[in-house]
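Trainee: Pasting a structure here, questions to come.
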Amino acid sequence: MTWAKLKQALGRMDWTLILTMLALLVFGITFIYSASYRSDDIPAGSFFEKQIVWALLGLGIFMVCTLVDYHHLRNVSWGFYALGLVLLVLVLLVGKKVYGAYRWLNLFGIQIQPSEFAKLTTLLALARFLSRPGRNLDEPVVVGQVLLIVAVPFLLILKEPDLGSASVLIPLAFFLMYAAGVPLKTLLILVAIGLLLMPLGWFALGDYQKERILVFLDPGRDPLGAGWNNIQSEIAVGSGGFWGKGYLKGTQNLLGFLPRTVAPTDFIYSVVAEEMGFAGSVLLLALYAALLTAGIRAALVARDKMGRLLAVGVTSSLFCHVTVNMAMTIGLLPITGIPLPLLSYGGSFMISTMVGLGIVQSVYVRRFRR
């Protein structure tokens, strides 16, 4: 890329997306430190320092994805999809078992979570498939092919088991089909079929997954065991009041009632809400709203269908993560283990999120036709 093209790309960037993304990264790093502060079993800076490294690496990857023309993804999307499936198979065969689930794979000394990257590669494959010129989206066989593309990674992730990550693929597929032009009637029929089959899904769940749902319906069922995180998270959020208890002063967090193993990851919002209160929660929601709006804006101004679907896919995935994560911390949904974008601790999710945002920025930068 020449200096002139680089300068042109920088001038065309959506700076709202960049500034919001940076604000959320700072937000996350700040409260990851708080979530591991004064821990007896974890060095206070371990999560904090590692997250800074992942954030800096993610920013570099974001810039690369921004500067690379997203049209190149058309030629490699199926290859990435296949690679994602290979990693999902490998994690089942030789992956590291943590808390009863095979979710981590050791590659060249680095622990990665293939399911996070599989969500992104599935998005690329769906965008490629649905944007193909001349494809008749009214045909049932086309919808069936879309469902097949989603079903393979869905079942592999479910096998780990990781119901939370697998479940994100379902709304992702529906958002993309709607944006691509699949008739609303067809989508409503699929939703109706899904609702009818949902009771059968109970028998496919593992014992601990069933217990999470039962505890969600009745937290008092096992308050010192499976229901502990639910109860302590709700106490943390509710006890923050309007202005919060102050940074590094959240008692549920500092005293370990909210376990240190989950506070920096799935329950980082609980830490934020306890220490910054309702005001901090509103600020956080405003930042996410700005980020999602930037994604929608990129989809609206995209110069072709491929770009529009990529932006819609990334934005809908972020929306699902934000909604489900916050809802589960306040008791509106069962605990699923879905992280909060740019806030929760974790390298795989950080990198996959930054790649997605870089693709959105690439779509926005190239909104003008040559």
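Trainee: Within the group Ile170, Ile157, which residue is under 22 Å from the mean Cα position of the chain (by Cα), of a type in the set (Val, Ile, Thr) and crowded, with 21+ Cβ neighbours inside 10 Å?
Mentor: Result: Ile157 is the single residue among Ile170, Ile157 that is under 22 Å from the mean Cα position of the chain (by Cα), of a type in the set (Val, Ile, Thr) and crowded, with 21+ Cβ neighbours inside 10 Å.
Trainee: Can you name every residue in region 298-315 that is of a type in the set (D, E, K, R), in a helix (DSSP H, G or I) and under 10 Å from Val363 (Cβ atoms)? Reasoning before the result, please.
Mentor: Going residue by residue through region 298-315, those that are of a type in the set (D, E, K, R) are 303-305, 308.
Narrowing the set further to residues that are in a helix (DSSP H, G or I) leaves 305, 308.
If the condition is that a residue be of a type in the set (D, E, K, R), in a helix (DSSP H, G or I) and under 10 Å from Val363 (Cβ atoms), then Arg308 is the only one that fits.
Trainee: Here's another thing I want to ask about it. Can you tell me which residue is farthest from Val324 (Cα to Cα) among those in region 282-296 that are out of contact with any Ser or Thr (no Cβ under 7 Å at 6 or more places or on another chain) and surrounded by 19 or more Cβ atoms within 10 Å (Cβ to Cβ)? Don't jump to the end; show me each part of the working.
Mentor: Here is the first cut: in region 282-296, the residues out of contact with any Ser or Thr (no Cβ under 7 Å at 6 or more places or on another chain) are 282-286, 288-289, 293.
If we keep only those that are surrounded by 19 or more Cβ atoms within 10 Å (Cβ to Cβ) too, we end up with 284, 288.
Working: Leu284: 15, Tyr288: 13 Å.
Among those that are out of contact with any Ser or Thr (no Cβ under 7 Å at 6 or more places or on another chain) and surrounded by 19 or more Cβ atoms within 10 Å (Cβ to Cβ), it is Leu284.
Trainee: On to the next question. Give the residues of region 319-370 that are aliphatic (A, V, I, L, M) and touching a His at 6+ places or on another chain (Cβ under 7 Å), sorted by residue number.
Mentor: First, the residues of region 319-370 that are aliphatic (A, V, I, L, M): 322, 324, 326-328, 330, 332-333, 335, 338, 340, 342-343, 350-351, 354-355, 357, 359-360, 363, 365.
Residues satisfying the conditions are Ile338, Leu340.
Trainee: If you don't mind, there's one more thing I want to ask. Under the condition of being in contact with a Gly (Cβ under 7 Å, 6 or more places away or on another chain) and assigned to a loop (DSSP other than H, G, I, E, B), which residue from region 117-161 is modelled with the lowest pLDDT?
Mentor: Looking at residues that are in contact with a Gly (Cβ under 7 Å, 6 or more places away or on another chain) and assigned to a loop (DSSP other than H, G, I, E, B), I get Pro161.
Trainee: Now for a different question. Could you tell me which of the residues Gly244, Gly277, Gly295 is of a type outside the set (S, T, N, Q), touching a residue at least 12 places away in the same chain (Cβ under 8 Å), assigned to a helix (DSSP H, G or I) and on the phi > 0 side of the Ramachandran plot?
Mentor: Working: Gly244 fails: assigned to a helix (DSSP H, G or I); Gly295 fails: on the phi > 0 side of the Ramachandran plot.
Criteria check complete, one pass: Gly277.
Trainee: OK, next. Among the residues that make up region 84-99, is at least one of them modelled with pLDDT under 90, assigned to a loop (DSSP other than H, G, I, E, B) and buried (at least 18 other Cβ atoms within 10 Å of the Cβ)?
Mentor: Residues of region 84-99 that are modelled with pLDDT under 90, as a first pass: 94-99.
From what is left, the residues that are assigned to a loop (DSSP other than H, G, I, E, B) are 95, 99.
Then drop every residue that is not buried (at least 18 other Cβ atoms within 10 Å of the Cβ), which leaves 95.
So far as region 84-99 goes, yes, one or more of its residues are modelled with pLDDT under 90, assigned to a loop (DSSP other than H, G, I, E, B) and buried (at least 18 other Cβ atoms within 10 Å of the Cβ).
Trainee: Which helices (runs of 4 or more DSSP H) sit wholly inside region 170-241 and have at least 3 residues that are over 21 Å from Gly256 (Cβ atoms)?
Mentor: Details: elements: 184-201, 207-217, 228-239.
Passing ranges, in order: 184-201, 207-217.
Trainee: Here is a follow-up. Just name the residue that is surrounded by the fewest Cβ atoms within 10 Å (Cβ to Cβ) out of those in region 324-338 that are part of a loop (DSSP other than H, G, I, E, B) and either at pLDDT 95 or above or β-branched (Val, Ile, Thr) (or both).
Mentor: In the first step, residues of region 324-338 are kept if they are part of a loop (DSSP other than H, G, I, E, B); the result is 330-338.
Next cut, either at pLDDT 95 or above or β-branched (Val, Ile, Thr) (or both) only: 330, 335-336, 338.
Values: Ile330: 17, Ile335: 22, Thr336: 20, Ile338: 25.
Taking the candidates together, the pick is Ile330.
Trainee: Condition first: of a type in the set (S, T, N, Q), touching a helix residue (DSSP H, G or I) at 6+ places or on another chain (Cβ under 8 Å) and more than 26 Å from Arg303 (Cβ to Cβ). Can you find one or more residues in region 132-141 that meet it? It would help to see each step written out before you state the result.
Mentor: Of the residues in region 132-141, the ones of a type in the set (S, T, N, Q) are 136.
The next check asks that each one be touching a helix residue (DSSP H, G or I) at 6+ places or on another chain (Cβ under 8 Å); those that pass are 136.
Still in the running and more than 26 Å from Arg303 (Cβ to Cβ): none.
No, because not a single residue in region 132-141 is of a type in the set (S, T, N, Q), touching a helix residue (DSSP H, G or I) at 6+ places or on another chain (Cβ under 8 Å) and more than 26 Å from Arg303 (Cβ to Cβ).
Trainee: When both residues are 6+ apart or on different chains and their Cβ atoms are under 7 Å apart, which pairs have a first residue that lies in region 253-272 and is touching a residue at least 60 places away in the same chain (Cβ under 8 Å) and on the phi > 0 side of the Ramachandran plot, and a second that is assigned to a loop (DSSP other than H, G, I, E, B) and basic (Lys, Arg)?
Mentor: Cβ pairs passing all conditions: none.
Trainee: A further question on this structure: Could you run through region 1-36 and say how many residues are part of a helix (DSSP H, G or I), among the hydrophobic types (A, V, I, L, M, F, W, C) and at pLDDT below 75? Please lay out each step first, then the result.
Mentor: First, the residues of region 1-36 that are part of a helix (DSSP H, G or I): 3-12, 15-35.
Cutting the leftovers down to among the hydrophobic types (A, V, I, L, M, F, W, C) gives us 3-4, 6, 9-10, 15, 17-19, 21-27, 29, 31-32, 35.
Now restrict to residues that are at pLDDT below 75: 3-4, 6, 9-10.
Summing the residues that are part of a helix (DSSP H, G or I), among the hydrophobic types (A, V, I, L, M, F, W, C) and at pLDDT below 75 in region 1-36 gives 5.
Trainee: For Arg303, only one of the following conditions fails: (1) at pLDDT 95 or above; (2) within 21 Å of Gly134 (Cα to Cα). What is its number?
Mentor: The single condition Arg303 does not satisfy is (1).
Trainee: Quick check on Arg135: is it farther than 20 Å from Ser316 by Cβ and either out of contact with any Pro (no Cβ under 9 Å at 6 or more places or on another chain) or not hydroxyl-bearing (Ser, Thr, Tyr) (or both)? So that I can check it myself, show each step before the final result.
Mentor: Numbers: farther than 20 Å from Ser316 by Cβ: yes; either out of contact with any Pro (no Cβ under 9 Å at 6 or more places or on another chain) or not hydroxyl-bearing (Ser, Thr, Tyr) (or both): yes.
Against the criterion (farther than 20 Å from Ser316 by Cβ and either out of contact with any Pro (no Cβ under 9 Å at 6 or more places or on another chain) or not hydroxyl-bearing (Ser, Thr, Tyr) (or both)), Arg135 qualifies.
Trainee: If you check Leu148 against the conditions, is it surrounded by fewer than 14 Cβ atoms within 10 Å (Cβ to Cβ) and within 25 Å of Asn75 (Cβ to Cβ)?
Mentor: Numbers: surrounded by fewer than 14 Cβ atoms within 10 Å (Cβ to Cβ): yes; within 25 Å of Asn75 (Cβ to Cβ): yes.
Yes; evaluated as a whole, the condition is true for this residue.
Trainee: Quickly run through region 249-274 and pick out the residues that are assigned to a loop (DSSP other than H, G, I, E, B), buried (at least 23 other Cβ atoms within 10 Å of the Cβ) and under 20 Å from the mean Cα position of the chain (by Cα). It would help to see each step written out before you state the result.
Mentor: Looking only at region 249-274, we keep the residues that are assigned to a loop (DSSP other than H, G, I, E, B), and these are 249-250, 255-267.
Cutting the leftovers down to buried (at least 23 other Cβ atoms within 10 Å of the Cβ) gives us 250, 258, 263-264, 266-267.
Passing the criteria: Ala263, Pro264, Asp266, Phe267.
Trainee: Identify, please: which residue in region 100-145 is among the aliphatic types (A, V, I, L, M) and exposed (fewer than 12 other Cβ atoms within 10 Å of the Cβ) and is, among those, nearest to Leu83 (Cα to Cα)?
Mentor: Applying the first criterion (among the aliphatic types (A, V, I, L, M)) to region 100-145 yields 101, 105, 107, 110, 112, 118, 120, 123-127, 130, 137, 141-143.
Those left that are additionally exposed (fewer than 12 other Cβ atoms within 10 Å of the Cβ): 107, 110, 141.
Numbers: Leu107: 14, Ile110: 17, Val141: 25 Å.
Only one residue tops the list, namely Leu107.
The values are calculated or read from the model by the stated rules, or taken from the named source; none is laboratory data. Bear in mind that the values here come from a model prediction, so they are computed numbers and not experimental data. Don't worry about glycine lacking a Cβ; one is built from the backbone with ideal geometry, like all the others, and counts go over all protein chains shown.
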